[in-house]
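Working notes, structure below.
Quick note: the coordinates plus some simple rules give every number you see, no bench work behind them. All values reported here derive from a predicted model rather than from experimental measurement. Here the Cβ positions follow ideal geometry from the backbone for every residue, glycine too, while neighbour counts run over all protein chains shown.
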Amino acid sequence: MNEHIATITQPAASSSRHATSQDALSAALRLAGVGVVTRDRHGKITEANAVFINLVGRPHSEVLGTCDVHLMHPVDGLRFAELYRANLATGSSFEAEIRYLTPANVVVWCVTHSSFARDGIGRVTSSVMVVRDVTSDRLATVSFSETEEDARYVIELSPQINWTATPDGMIERVNPRWAEITGADLCTALGEQWIEKLHPDDVANATAAWMASVKTKVPVDIEYRLSTHDGGHRWVRARASARLDEQGDVVRWYGTLEDINDRKLTEHALRDSEERFRLAAQAAGIGIWDYNALDDRREWSDEFKAMLGLPADAASAVATALACVVPDDRHNLQALISAVEAGDSGHRFETMVRIRRSDTGEERWMKTGGWRIEAPSGKLGRVLVTIRDVTEERTVEERIRWTASHDAMTGLPNRAAFGEKLEQAIARATYSETNVALALFDVDHLKETNDTIGHDAGDRLLQTAADRLRLAFGERCTLARLGGDEFAGIFEASDDLDMSAQVQAALEALREAFTHDGRILDCQSTAGGSVFPIHGTTAAELLKSADIALYAAKARHRGGLLTFKPEMRADLQRRSSMISIARDAAREDRIIPYYQPKVVLGSNRIFGFEALLRWHSPQLGLQLPGTIAAAFEDLDLAIAMSERMLTQIVEDMRRWLDEGVDFGRIAVNLSPAEFRQDALVPRILDRLHKSGVPTSRLELEVTETVFLGRDAETVAHALEAFSQAGIKIALDDFGTGFASLTHLKTFPVDVIKIDRSFVSNLDGDAGDAAIVDAVVGLGRRLGMEVVAEGVETSVQAQYLRDCGCEYGQGYLFGKAAPAIMVKDMLQNARN
């Protein structure tokens, strides 16, 4: 092969110096990673290097004497043959992208560049072709394309500088890469100004090709030199395609400028001399370390010196290079150098080392690949080494690995990484016969924060929780974010009491509020814990136990910690069953309102009703709401049940009004969960307005629990809107909550309902009687209606009348009944 290449690139020589140079050139070609093929005038292969032989997957003997068209994909072979014949007459070099087919029918995508050699009278005598394997680039491009059109543009354009032009060819946009390459403002590329950045010798051809494409709408593909910021020029490949509308008119031109300077220089190096190879390596950003063992001479390329942060006149000495290598990696490089010099290594060698730049101290990763060339005597003649900075590649790989195992928002390990860490902790505990404690943390108000303030506030809430957990546990705990509002911590060699103390302290730290954009946010969390091997012997069992404990804590101990107990599993199953049953009942429209009368105690006249939820079980018949109590804590389910109740209640009220039935006011209970819905007020008011039911006919009952916590402001706005619309507000179960008097003063309350627990003991408990007297007096002074609940005996009714209570409700006056019974209850009360 070397003899053929020598015939094309330089005069024949027989000296030892020539042989050594050819060996070096051969090594350079191998390092360049491109195939080289020489042909005779008729296109038959006369020689091919090892890269090309490996690329087509055929023996050297089979390739020689063959037209390489027969090695190509049939479609590409015909196209290539036409190009070859067309350029043979003029001897013009040409480039083509073709596919080779190996004997195993494997497709290899390649970019080829063919040049012709002439004899003394100008006649074409042979040709040389450089073949570059671009299969991986092609496949990578295809895999990332989102549509067929995108894939076509990406494959055709391989953009470095993106630009667009108007239908008449005026450049309208170019990306910032233009400024990086040319050193000029982006405006210098707009319109026709880009022509001023072309090499003078390329202006005519480039503009003519572009104008021809604008006129014919045919894609353009040309090469020219572009002025750079340092006063030089770089070869670029300009390609553009037009996007056409349905009428075939140009909508816009899309184009790229691809930096092909490296390729140009590489081609020159392969054709002309070893020095040209050095220039190609320079353009590719590859450093060269050339060691001539015959005269003990070392040469470093300027690029290699620049990689090390050394000045251009720095000595090319082993000690200088070793001084830049990170101490931990020096022995690797020194051992490799010694092995190569002693002849103990193979002809091809490779290693990876870290260096610290001499000028800035920045640490970089360098990948070195070398070739050991023996002299005719068999001794070491020359060593060629290429050095490539792969820091960015390794950084990307490390970032990908980190992202795969960490939560981007908090920087904590994610669920997958946590599972591995938990299994490892259990394995260590099993070996050492110690305990592992697991704690799950749930941020109590993340959803409300996201819904009411925004997801940016929710993100800040999660980050604050993560930071506080880190600070609280330090190195004693392995933390992770499992997703959503849930965090987890592993405590090794820790028992239940030890874990509980640490978690309680952390919960105290989390409880402190903080501000975000002027809003006060609550960082309170609830925790559930489990201990290995008491509550589980596998990671899955331990997580399940802690999750059950967390669920129990959220139900009855918010802001605190509960450690798993077996009975929690039964409670969870019971609550889950309630929610499931309620969901089915709501979906199948088996939620029913029953109406219990409220009477004037002096006359037993019915002045209104309270709508109480009932649901129908296909197996057990009519059921009370207590059988699905857990469902009222679920926001979505509570709203669904309330919606079905409201729909039927409004329909009943509309029908009674149409029938002339004076039912008074209908009181409807609102659960605390419903106030977390932004559309609560319009949902109820719109339903009344559309049905034509006056708002004065509806009364909303709330318990004091809706006034507690961070949603008090939202509740106040909602109740105020209802009150202004004419809906009465009743405070249910009065006296059983906290700060009742404050609530009466702060919120628009029209009705006070005395809780049945006080009424039931009126005749036997002086304290309860005193409370009833006080509430009745308070209501009278505040101008509010007072309704006594749970009135079941005439003695209780008489006491209430005597103390001035005007209204009562209970079994004494009637149990809750379906809507169809309301008219009868009203008629019976009048009689």
(message) Output the 0 to 90 degree angle, nearest 10, between the alpha-carbon long axis of helix 74-88 and the longest principal axis computed from the alpha carbons of the chain.
(response) 40
(message) Given R₀ = 51 Å, what would the calculated FRET efficiency be for Ser576 paired with Asp245, taking r from the Cβ atoms and rounding to 0.05?
(response) 0.30
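Find the Cα radius of gyration of the stretch 145-264, compare it with 2.2 N^0.38 Å by division, and give the number to two decimals.
With N residues counted in the stretch 145-264, Rg over 2.2 N^0.38 Å equals 1.03.
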(message) To check my understanding: the extent here is largest minus smallest coordinate of the Cα atoms along each principal axis. What are those three numbers for the stretch 406-564, in Å, largest first?
(response) 51, 32, 23
(request) Let me have the relative contact order for the stretch 538-674, percent, based on Cα pairs under 8 Å that are six or more residues apart. (result) 22
(request) Considering Cα pairs under 8 angstrom that are at least six residues apart, work out the relative contact order of the chain and quote it in whole percent. (result) 5
(message) Let's see if you can work this out: charge +1 on each Lys and Arg Cβ, -1 on each Asp and Glu Cβ, no other charges. What is the dipole magnitude of the stretch 406-564 about its Cα centre, in debye to the nearest 20?
(response) 80
(message) Just want the answer: with Cβ charges of +1 for Lys and Arg and -1 for Asp and Glu, which residue in Val749, Phe675, Ala323 is farthest toward the dipole's positive end in the chain?
(response) Ala323
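Calculate for the chain the 222 nm mean residue ellipticity that helices alone would give, adding -39,500 (n - 2.57) per DSSP H run of length 4 or more and normalising by residue count, nearest 500 deg cm²/dmol. Walk me through the intermediate numbers first.
Numbers: 29 runs with 352 residues, N = 831.
That calculation yields -13000 deg cm²/dmol at 222 nm.
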(message) Positive end of the dipole of the chain, charges at C-beta (+1 Lys, Arg; -1 Asp, Glu), about the Cα centre: which of Val220, Gln648, Gly692 has its Cα farthest in that direction?
(response) Val220
(message) Suppose the Debye formula is applied to equal point scatterers at every Cα of the stretch 46-150; what is log10 I(q)/I(0) at q = 0.11, 0.12, 0.14 Å⁻¹?
(response) -0.40, -0.47, -0.62
(request) Round to the nearest 10 and give me the degree value, 0 to 90, for the angle of helix 496-510's Cα axis relative to the longest principal axis of the chain. (result) 90
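Work out, in µm²/s and without decimals, the Stokes-Einstein translational diffusion coefficient of the stretch 644-730 at 37 °C, 0.692 mPa s, Rh from Kirkwood over C-alpha pairs. Let's see the in-between values first.
Working: Rh = 13.5 Å.
Translational diffusion coefficient: 244 µm²/s.
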(request) List every residue whose amide H lies under 5 Å from the amide H of Ile286, counting only residues 5 or more places away in sequence or on a different chain, with H placed 1.01 Å from N in the peptide plane. (result) none
(request) First obtain the Kirkwood hydrodynamic radius of the stretch 69-114 from its Cα pairs, then insert it into the Stokes-Einstein equation at 25 °C and 0.890 mPa s, and state the resulting D in µm² per second as a whole number. (result) 223
(request) May I ask which residue of Thr66, Gly91, Gly120 lies farthest towards the positive end of the charge dipole of the stretch 51-125, with charges of +1 (Lys, Arg) and -1 (Asp, Glu) on Cβ and the Cα centre as origin? (result) Gly120
(request) Kindly flag which residue pairs out of Lys421/Lys565; Lys44/Lys217; Lys447/Lys728 have an alpha-carbon separation exceeding 28 Å in this structure. (result) Lys44/Lys217; Lys447/Lys728
(message) Is there a quick way to get the dipole size of the chain? I mean about its Cα centre, with the Cβ of Lys and Arg at +1 and of Asp and Glu at -1; what is the value in debye to the nearest 20?
(response) 1160
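Can you work out D for the stretch 408-490 in µm² s⁻¹ from Stokes-Einstein, where Rh is the Kirkwood radius over C-alpha pairs, the temperature is 25 °C and the viscosity is 0.890 mPa s? Spell out each step's value before the answer.
Numbers: Rh = 13.7 Å.
Translational D for this selection: 179 µm²/s.
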(message) Can you give me the convex hull volume of the Cα atoms of the stretch 727-831, divided per residue and expressed in Å³?
(response) 118
(request) Take every Cα pair under 8 Å in the stretch 452-541 that's 6+ residues apart, average their separations, divide by the length, and report that relative contact order as a whole percent. (result) 23
(request) For helix 566-587, report the angle its Cα long axis makes with the longest principal axis of the Cα atoms of the chain; keep it between 0 and 90° and round to the nearest 10°. (result) 80
(request) Looking at the chain, send over the antiparallel percent of its DSSP beta bridges, to the nearest 5. (result) 85
(message) For a quick size check, give me the Cα extents of the stretch 632-813 along its three principal axes, largest first, whole Å.
(response) 47, 44, 29
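Which shape class applies to the chain: rounded if a/c is under 1.5, otherwise prolate when a/b exceeds b/c and oblate if not, where a ≥ b ≥ c are the square roots of the Cα gyration tensor eigenvalues?
On the way: a/c = 3.57, a/b = 2.40, b/c = 1.49.
Verdict is prolate for the chain.
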